[in-house]
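Participant: Pasting a structure below so you can have a look.
Every number here is computed from the coordinates shown, using simple stated rules; none is lab data. On a predicted model such as this, the values are computed, not experimentally measured, just so you know. Because the Cβ atoms are built from the backbone with ideal geometry, glycine has one as well, and the counts that use them run over all protein chains shown.
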Amino acid sequence: MNRRLALATAAFAIVLPLALSGCGNKGPLVLPDAPAETAVPAEASVPEPAPEATPAPAATPPPPPASGTPAR
């Protein structure tokens, strides 16, 4: 039993540092470089204003409510 405990302790002592070391970069994290800004011509970014449509006048006004109907 004593030999089994020694073997388990040795395996734990070997596996623990390997598990904690991981497989990533060492040291501080490195962020990717920012993408270069592309120059956009000012003319292409400003669309032409669309012509404004004028509303058509109503052909006839709506009829007045009858005297016996409740107002809504």
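Participant: What FRET efficiency comes out for the pair residue 30/residue 50, r = Cβ-Cβ distance, R0 = 35 Å, nearest 0.05?
Facilitator: Numbers: r = 48 Å, r/R0 = 1.38.
Efficiency for this residue pair is about 0.15.
Participant: Roughly speaking, what is the stretch gain from residue 16 to residue 66, that is 0.36 nm per residue apart minus the C-alpha to C-alpha distance, in nm to one decimal?
Facilitator: 9.0 nm
Participant: Let me ask something additional. Can you tell me the order of 28-39, 6-17 when each peptide is scored by its average per-residue count of other Cβ atoms within 10 angstrom, highest first?
Facilitator: Peptide ranking by packing, descending: 6-17, 28-39.
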